[in-house]
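Please treat every number below as a calculation from the coordinates, not as lab data. None of the values given here were measured: they were computed from a predicted structure. Cβ sites come from the backbone with ideal geometry, for glycine too, and all protein chains shown count toward neighbours.
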Amino acid sequence: MKLVFLGPPGAGKGTIAAEAKKVYGIPHISTGDLFRANIKNGTELGKRVQAILAAGDLVPDEVTIAMVEDRLEEDDAKAGFILDGFPRTIAQADALAGMTQLDRVVNFVLDKEAIVRRLSGRRVCKSTGRTYHILYNPPKVEGIDDETGEPLIQRDDDKEEAIRNRLEVYEASTAPLIDYYRTKGLLVDIDASKSPEEVLKSMVEALS
Ligand code: ADP
Ligand code: ADP
């Protein structure tokens with residue numbers, strides 16, 4: 001199964017992908033996670049993109065496309081994958097069409113107030129990327145990762161000004177992909193406002 005998860009930042013794509021990858025036995029490939037791993041490891045790519053991510057802007061297409069192309073060539077992605085956060089522009093979608101043939105594109109639909117509530121309450125474990133929400137999915141001990149015991153942090157781009165910018169970037173550059181994929185007959189709309197369990201269930205049903 002070759003899937004793309006499309007939708008605004010904070011719609012729950014990463015949360016659902018972490019469960020859906022077990023259902024389908026395919027890797028979860030998040031371009032945001034790949035960039036953050038490069039930043040953490042101090043690679044050349046990481047140095048190049050650090051300020052871009054902090055501001056909530058998009059990394060240039062050619063850099064992003066090359067990174068995804070490399071990742072899709074790895075053995076575990078041969079049978080299928082969940083691409084989360086890619087493509088984010090028409091140019092990226094055209095490039096992806098030249099790399100592989102998708103089965104479906106899942107469009108996570110959520111209104112703006114809910115998006116802002118989810119993003120502003122998001123907390124993450126820096127070393128594992130595990131995601132929590134202070135109200136909707138709190139850790140067992142406040143501020144501490146359940147598995148590693150490390151302190152949870154708020155991503156720089158989940159602070160107010162970057163959130164505003166990311167939503168503008170989404171509307172201008174990424175939302176046009178909804179029509180792009182609908183025209184190709186690949187789009188499946190999912191109501192992302194329900195609990196994670198319900199969102200996963202309705203997606204699995206819609207894809208079967
Ligand atoms: P979220 O899950 O909140 O939508 P991501 O983790 O997907 O955020 O992405 C974080 C940041 O990484 C983006 O704001 C952007 O700077 C960069 N990024 C991720 N994917 C892409 C992409 N496909 N094209 C350009 N930049 C990207
Ligand atoms: P995305 O990958 O689309 O940016 P995330 O999966 O990181 O979104 O989710 C954003 C925030 O919302 C996180 O704090 C997460 O715990 C929370 N969240 C995700 N899905 C749901 C849901 N169905 N209901 C309530 N909160 C959710």
TODO: Collect the residues in the stretch 130-144 that are farther than 18 Å from SER30 by Cβ and either surrounded by 17 or more Cβ atoms within 10 Å (Cβ to Cβ) or more than 10 Å from ligand 2 (Cβ to nearest atom) (or both), keeping them in residue-number order.
DONE: PRO139, LYS140, VAL141, GLU142, GLY143, ILE144
Task: Entirely in the stretch 121-208, the helices (runs of 4 or more DSSP H) that have 1 or more residues that are in contact with a Pro (Cβ under 9 Å, 6 or more places away or on another chain) and closer than 25 Å to ASP103 by Cβ - done: 176-183
Task: Pair list, Cβ under 7 Å, 6 or more apart: the stretch 67-79 residue touching a residue at least 12 places away in the same chain (Cβ under 8 Å), other residue part of a loop (DSSP other than H, G, I, E, B) - done: VAL68/PHE86; LEU72/THR100; ASP76/PRO27; ALA77/PRO27; ALA79/ILE26
TODO: Could you check, for the stretch 146-157, whether at least one of its residues is touching a Ser or Thr at 6+ places or on another chain (Cβ under 8 Å), free of Cβ contacts under 8 Å to residues at least 40 places away in the same chain, of a type in the set (Ser, Thr, Tyr) and more than 15 Å from GLY32 (Cβ to Cβ)?
DONE: yes
Task: Selection status of ALA79, more than 16 Å from ligand 2 (Cβ to nearest atom), over 27 Å from GLU161 (Cα atoms) and not in a helix (DSSP H, G or I) - done: yes
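Given the structure, is SER127 more than 9 Å from ligand 2 (Cβ to nearest atom) and more than 21 Å from PRO60 (Cα to Cα)?
Numbers: more than 9 Å from ligand 2 (Cβ to nearest atom): yes; more than 21 Å from PRO60 (Cα to Cα): yes.
Yes: the conditions hold for SER127.
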- [ ] Scan the stretch 99-124 for residues that are within 14 Å of ligand 2 (Cβ to nearest atom) and of a type in the set (Asp, Glu) and report the count.
- [x] 2
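Residues are listed down the side, and each one gets a yes or a no for (1) touching a strand residue (DSSP E or B) at 6+ places or on another chain (Cβ under 7 Å); (2) basic (Lys, Arg); (3) over 25 Å from THR100 (Cβ atoms):
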site: ALA37; (1), (2), (3): no, no, no
site: LYS40; (1), (2), (3): no, yes, yes
site: ARG48; (1), (2), (3): no, yes, yes
site: LEU53; (1), (2), (3): no, no, yes
site: VAL63; (1), (2), (3): no, no, no
site: ASP70; (1), (2), (3): no, no, no
site: GLY80; (1), (2), (3): yes, no, no
Task: Condition broken by ALA55, with the remaining ones in (1) closer than 18 Å to PRO9 by Cα; (2) surrounded by 16 or more Cβ atoms within 10 Å (Cβ to Cβ) satisfied - done: (2)
Task: Close pairs (9 angstrom Cβ cut-off, 6 or more residues apart or separate chains): near ligand 2 (Cβ under 10 Å from one of its atoms) in the stretch 12-26, of a type in the set (Phe, Trp, Tyr) anywhere - done: GLY12/PHE108; LYS13/PHE5; LYS13/PHE108; GLY14/PHE5; ILE16/PHE5; ILE16/PHE108; ALA17/PHE5
Open item on the list: Taking the conditions exactly as written (at negative phi and near ligand 1 (Cβ under 10 Å from one of its atoms)), does ILE82 satisfy them or not?
Closed with: no
